[in-house]
Amino acid sequence: MGWVIFRIVRDSTDPNSGSIDLRSDTVTRPTPAMRAAMAAAEVGDDVYGDDPTVNRLQSRMAERFGFERALFFASGTQSNLAALMAHCGRGDEYLVGQEAHTYKYEQGGAAVLGSIQPQPLDNEPDGTIPLDRIARAIKPNDAHFARTRLLALENTMGGRILPVAYLSSATGFAHAKGLKTHLDGARLFNAIVKLRVAETVAVEGFDSVSVCLSKGLGAPAGSVLLGSEEFIAAALRWRKALGGGMRQAGILAAAGLYALDHHVERLAEDHANAAHLAEGLRALGLSVEPPETNLVFVEIPEPAVGALGAHLAKLGIVASIGPRTRLATHLDAPRAKIDAALRAFRDFPGWR
Ligand SMILES: Cc1ncc(COP(=O)(O)O)c(C=O)c1O
């Protein structure tokens, strides 16, 4: 059964008005204060390295996460791809989870554009890949095989937080086997806020990390790649080849800086709203996976899928309804909207 997607698009900067969009945390619109910061940004040509706001964002992120250097990208897809291409050359291989975004949801960019062979490995339900599974996938140094160069992990993964101890043992193991390590940290700040750990602890053991500003942090675009001087120099070359050299990008970087100052701690609200939403859905008799951060997964009985989507759409609720429905909480879905969504679920005549 495919997904049934209902959409109502309205432009509103007031999170308490308009439709309730629970498809993703990427749907947030910049707040008036974020827009003001963007309008006031000092800019220059970032391809020449002249944009002071981009440079400020990059320095701030490198310092915060304890890396030598950072690089601003238009998107997480581009940042991840440039990272894979900076770590791996033609005929190299990277080990990655079957469910990982870089493998499953980025059109196989590593293979298509990077000539890098992905070796997908089953993820456990908690998002980890056991070390013995990683060990078995590393190819011997033999002309028959691609050269295994990199282990790529993701945190959070499907809203789940990978344990810090696991990350430490997986990256330690990879390094002992001569591999580099990359983390897709699109929603890493959700894990940091939930675990109350320092940024530097959350990325320990990784040679590179991609962090998105356009998910729960609420910026309209932008991701930041972190790594060593040498690694970022290589990624900068690939960014240009991938068409990612932006000019007066400080307008976007200003949104990222604003988000770092104002939208990190508030992720805890999204987590509390996700827990509240899960509890409300469970009270309706639905099977709901306990959320760890801002993503709620709920099973919708197959026969109800189409009618539920239509019912919610009529009430101004945008959701990707399927047998395993993902609902995301975010900046533009405050508690009042979550409660309205719960009422709409409750009033669906198809349950009875
Ligand atoms: C885990 C993860 N990584 C990477 C990305 C890619 O980010 P973008 O949409 O900015 O390309 C996403 C997007 O949703 C994601 O969820």
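Numbers below:
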{"item": "Mean Cβ count within 10 Å, highest first, over the residues of peptides 177-186, 155-164", "result": "177-186, 155-164"}
{"item": "Percent accessible area from carbon and sulfur atoms, segment 267-352, protein chains only, probe 1.4 Å", "result": "55"}
{"item": "Distance cut-off 19 Å, percentage of C-alpha pairs in segment 74-171 lying past it", "result": "40"}
{"item": "Debye, to nearest 20: dipole size of segment 211-352, +1 on Lys, Arg Cβ, -1 on Asp, Glu Cβ", "result": "480"}
{"item": "Range of Cα positions in segment 7-129 per principal axis (Å), largest first", "result": "46, 40, 27"}
{"item": "Rg/Rh for segment 126-180, where both radii come from Cα atoms and Rh is the Kirkwood radius", "result": "1.02"}
{"item": "Loop-located chymotrypsin sites (Phe, Trp or Tyr not before Pro) in segment 50-134, at most 14 other Cβ atoms within 10 Å (DSSP)", "result": "105"}
{"item": "Segment 107-197, accessible surface, carbon-and-sulfur percent (1.4 angstrom probe)", "result": "52"}
{"item": "Heavy-atom surface of segment 122-237, accessible at 1.4 Å and reported per residue (Å²)", "result": "40"}
{"item": "Mean projected area (nm²) of the alpha-carbon convex hull when segment 166-213 is viewed from all directions", "result": "3.2"}
{"item": "Dipole magnitude (debye, nearest 20) for the chain, charges at Cβ of Lys, Arg, Asp, Glu", "result": "560"}
{"item": "With 10 Å bins from 0: P(r) over segment 50-117, alpha-carbon pairs, percent", "result": "20, 41, 28, 11"}
{"item": "In Å, descending, principal axis extents of the Cα set of the chain", "result": "62, 51, 35"}
{"item": "Kirkwood hydrodynamic radius over Cα pairs of segment 194-352, then Stokes diffusion coefficient at 25 °C and 0.890 mPa s, in µm²/s", "result": "134"}
{"item": "The chain: relative contact order in percent, alpha carbon pairs under 8 Å with at least 6 residues between", "result": "27"}
{"item": "Range of Cα positions in segment 270-344 per principal axis (Å), largest first", "result": "30, 24, 18"}
{"item": "GluC sites (Glu not before Pro) within segment 132-213, DSSP loop, no more than 16 other Cβ atoms inside 10 Å", "result": "204"}
{"item": "Segment 151-277: mean projected area of Cα convex hull, nm²", "result": "8.7"}
{"item": "Beta bridge orientation in segment 22-174: antiparallel %, DSSP, nearest 5", "result": "10"}
{"item": "Beta bridge orientation in the chain: antiparallel %, DSSP, nearest 5", "result": "50"}
{"item": "Reachable lysines, given that their alpha-carbon falls under 30 Å from the alpha-carbon of residue 240 and they are not under 8 places away in the same chain", "result": "104, 180, 215"}
{"item": "Cβ crowding within 10 Å averaged over residues, with 209-218, 278-287 ranked highest first", "result": "209-218, 278-287"}
{"item": "Calculated FRET value between residue 175 and residue 17, using beta carbons and R₀ = 45 Å, to 0.05", "result": "0.35"}
{"item": "Placed amide H near residue 157: partners under 5 Å, 5+ positions off or other chain", "result": "162"}
{"item": "Segment 23-71, accessible area per residue, ligands and nucleic acids excluded (1.4 Å, Å²)", "result": "49"}
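The values are calculated or read from the model by the stated rules, or taken from the named source; none is laboratory data. These numbers come from a predicted model, not from an experiment. Quick reminder, even Gly has a Cβ in these numbers, built from the backbone with ideal geometry, and neighbours come from all protein chains shown. Keep in mind that these areas ignore ligands, DNA and RNA; they rest on the heavy atoms of the full protein, side chains included. Shrake-Rupley method; radii C 1.70, N 1.55, O 1.52, S 1.80 Å.
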